[in-house]
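Trainee: Quick one: the structure is below, questions incoming.
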Ligand code: PLP
């Protein structure tokens with residue numbers, strides 16, 4: 001680990017494995033003897049085709065994606081998918097269900113209002129988004145075309161620990177996995193669509209990954225712009241127009257790295273270990289630090305916490321930065337602190353944060 005690298009707890013764009021960055025650096029100006037940077041390659045040339053095909057194959061291995069699912073590498077961020085999902089999956093008058101467990105689920109719901117008839121069948125807003133509902137107790141609209149969830153709410157730090165099983169209920173489950181994508185194994189066959197912006201766990205911003213069951217492709221509303229039509233992207237293997245080539249290449253390097261770590265089971269173990277360390281120091285601080293999220297649904301990726309004495313927040317951030325730990329300020333909508341500890345945050349980073357938190361408490365309690 002380079003001494004001049006900080007421990008970056010940002011929520012996204014977020015830290016990437018240094019070994020991946022170094023690998024990219026080593027082939028930055030001349031990718032594997034091609035005499036070109038990946039940035040300079042034609043997206044239709046054999047070099048880039050090998051890059052995108054390997055990225056897809058590695059992602060399929062990592063998540064064990066069944067062959068009746070397509071993998072698309074798109075642009076526009078997860079936010080664009082908030083519109084693309086209803087445009088592709090329903091007609092303007094179709095009812096659909098949204099579980100709103102945080103700000104991102106709420107944004108997805110609001111965007112869907114333009115393209116179908118969504119209802120919020122559960123919202124955690126009155127409890128400040130600190131809970132996940134018990135799925136079995138919920139009333140779903142019998143005709144709802146799909147059920148949308150945000151698998152991990154990046155701002156509030158609530159994460160689904162298991163997913164509703166809509167195979168039993170004849171429903172399509174759609175999940176925004178932007179902030180816990182590839183952080184643990186997932187049974188892809190439970191989902192109609194999984195989508196994620198890359199910039200938290202798997203790469204730089206600019207790449208959005210969509211994993212979609214093939215039978216759901218090809219029914220887009222007539223007004224759907226070509227760039228939002230899954231059929232167009234699927235038929236063209238994500239090369240209908242110029243894709244975010246360099247970003248896809250970086251995602252590919254990250255997928256390779258995750259496979260080298262032993263796959264997502266191993267990655268999950270590391271993530272649990274890091275999160276446990278951090279939640280423990282919060283819970284054992286006698287109220288000096290507090291995490292408002294119900295214990296059973298605390299995120300492995302984003303750990304929000306407040307200080308008993310909010311007037312110490314600025315000092316906390318300043319002192320942490322002096323020790324090379326940055327981006328710990330909570331989202332502007334909720335305040336407090338937030339430590340995002342995605343796959344690429346090393347255990348050493350969390351150990352350092354925890355030691356700092358204990359020391360800070362000892363000096364300020
Ligand atoms: N969904 C979740 C869970 C997010 O965390 C974010 C961004 O932070 C988004 C959606 C929006 O993603 P993008 O900025 O890629 O549009």
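Trainee: How many of the residues making up the range 76-88 are at negative phi and within 10 Å of the ligand (Cβ to nearest atom)? Talk me through it step by step, then tell me what you get.
Mentor: Pass one, the range 76-88, residues at negative phi: 78-88.
In the following step, the residues that additionally are within 10 Å of the ligand (Cβ to nearest atom) were identified as 78-82.
Total satisfying the criteria: 5.
Trainee: Right, another one. Mind checking which pairs have a first residue in the range 63-80 that is over 17 Å from residue 255 (Cα atoms) and a second that is in a loop (DSSP other than H, G, I, E, B) and modelled with pLDDT of 95 or more, Cβ under 6 Å, 6 or more apart or different chains?
Mentor: Here the result reads 75/244; 78/178, each pair linking the range 63-80 to a residue that is in a loop (DSSP other than H, G, I, E, B) and modelled with pLDDT of 95 or more.
Trainee: Would you be able to tell me the number of residues in the range 162-202 that are within 29 Å of residue 260 (Cβ to Cβ) and in contact with a strand residue (DSSP E or B) (Cβ under 9 Å, 6 or more places away or on another chain)? Step through it out loud before you land on a result.
Mentor: Within the range 162-202, the first condition is being within 29 Å of residue 260 (Cβ to Cβ), and the residues that meet it are 162-163, 175-191, 193-202.
When the remaining residues are screened for being in contact with a strand residue (DSSP E or B) (Cβ under 9 Å, 6 or more places away or on another chain), the result is 163, 175-183, 186, 188-191, 193-198, 200, 202.
Summing the residues that are within 29 Å of residue 260 (Cβ to Cβ) and in contact with a strand residue (DSSP E or B) (Cβ under 9 Å, 6 or more places away or on another chain) in the range 162-202 gives 23.
Trainee: A further question on this structure: Looking only at residues that are more than 14 Å from the ligand (Cβ to nearest atom) and outside any loop (DSSP other than H, G, I, E, B) in the range 150-182, which one is nearest to the chain's Cα centre (by Cα)?
Mentor: Among them, the one singled out is 173.
Trainee: Tell me whether the range 183-198 contains one or more residues that are away from the ligand (no atom under 16 Å from the Cβ), in a helix (DSSP H, G or I), free of Cβ contacts under 8 Å to residues at least 24 places away in the same chain and touching a helix residue (DSSP H, G or I) at 6+ places or on another chain (Cβ under 7 Å). If you could, list the steps in order and put the result at the bottom.
Mentor: Of all residues in the range 183-198, those away from the ligand (no atom under 16 Å from the Cβ) come to 185, 187-190, 192.
So of that shortlist, the ones also in a helix (DSSP H, G or I) come out as 188-190.
This time we only want the ones that are free of Cβ contacts under 8 Å to residues at least 24 places away in the same chain, so: none.
No - not one qualifying residue is present in the range 183-198.
Trainee: Still on this structure: Between a residue in the range 345-364 that is without any contact (Cβ under 8 Å) to a residue 60 or more places away in the chain and any residue that is assigned to a helix (DSSP H, G or I) and surrounded by 18 or more Cβ atoms within 10 Å (Cβ to Cβ), which pairs come within a Cβ distance under 8 Å, given they are 6 or more apart or on different chains?
Mentor: Matching pairs, first to second residue: 356/320; 360/316.
Trainee: From the list 275, 348, 321, 344, which residue is surrounded by 14 or more Cβ atoms within 10 Å (Cβ to Cβ) and either over 18 Å from the mean Cα position of the chain (by Cα) or not in a loop (DSSP other than H, G, I, E, B) (or both)? Break it down into steps so the answer makes sense when it comes.
Mentor: Details: 348 fails: surrounded by 14 or more Cβ atoms within 10 Å (Cβ to Cβ); 321 fails: surrounded by 14 or more Cβ atoms within 10 Å (Cβ to Cβ); 344 fails: either over 18 Å from the mean Cα position of the chain (by Cα) or not in a loop (DSSP other than H, G, I, E, B) (or both).
After applying the criteria, what remains is 275.
Trainee: Do we have any residue at all in the range 89-104 that's within 16 Å of the ligand (Cβ to nearest atom), in a helix (DSSP H, G or I), within 30 Å of residue 221 (Cβ to Cβ) and modelled with pLDDT of 95 or more? Walk me through how you get there before you give the answer.
Mentor: From the range 89-104, those within 16 Å of the ligand (Cβ to nearest atom) are 98-104; that's our starting set.
Adding the requirement that they be in a helix (DSSP H, G or I) leaves 103-104.
Of the ones still in play, those that are also within 30 Å of residue 221 (Cβ to Cβ) are 103-104.
Cutting the leftovers down to modelled with pLDDT of 95 or more gives us 103-104.
Within the range 89-104 (the criterion being within 16 Å of the ligand (Cβ to nearest atom), in a helix (DSSP H, G or I), within 30 Å of residue 221 (Cβ to Cβ) and modelled with pLDDT of 95 or more), the answer is yes, since at least one residue qualifies.
Trainee: Residue 281 versus (1) part of a helix (DSSP H, G or I); (2) over 20 Å from residue 346 (Cβ atoms); (3) touching a helix residue (DSSP H, G or I) at 6+ places or on another chain (Cβ under 9 Å): which is the lone unmet condition?
Mentor: Going through (1) part of a helix (DSSP H, G or I); (2) over 20 Å from residue 346 (Cβ atoms); (3) touching a helix residue (DSSP H, G or I) at 6+ places or on another chain (Cβ under 9 Å) one by one, residue 281 breaks only (2).
Trainee: If you don't mind, there's one more thing I want to ask. Check off (1) crowded, with 19+ Cβ neighbours inside 10 Å; (2) touching a strand residue (DSSP E or B) at 6+ places or on another chain (Cβ under 6 Å); (3) modelled with pLDDT of 95 or more for residue 115 and give me the number that stays unchecked.
Mentor: (2)
Trainee: Before we move on, is residue 117 within 14 Å of the ligand (Cβ to nearest atom) and without any contact (Cβ under 8 Å) to a residue 40 or more places away in the chain? Walk me through how you get there before you give the answer.
Mentor: Details: within 14 Å of the ligand (Cβ to nearest atom): no; without any contact (Cβ under 8 Å) to a residue 40 or more places away in the chain: yes.
No; evaluated as a whole, the condition is false for this residue.
The values are calculated or read from the model by the stated rules, or taken from the named source; none is laboratory data. Remember, it's a predicted structure, so these values are computed and weren't measured experimentally. Using ideal geometry, Cβ is built from the backbone for each residue, glycine included, and neighbour counts are taken over all protein chains shown.
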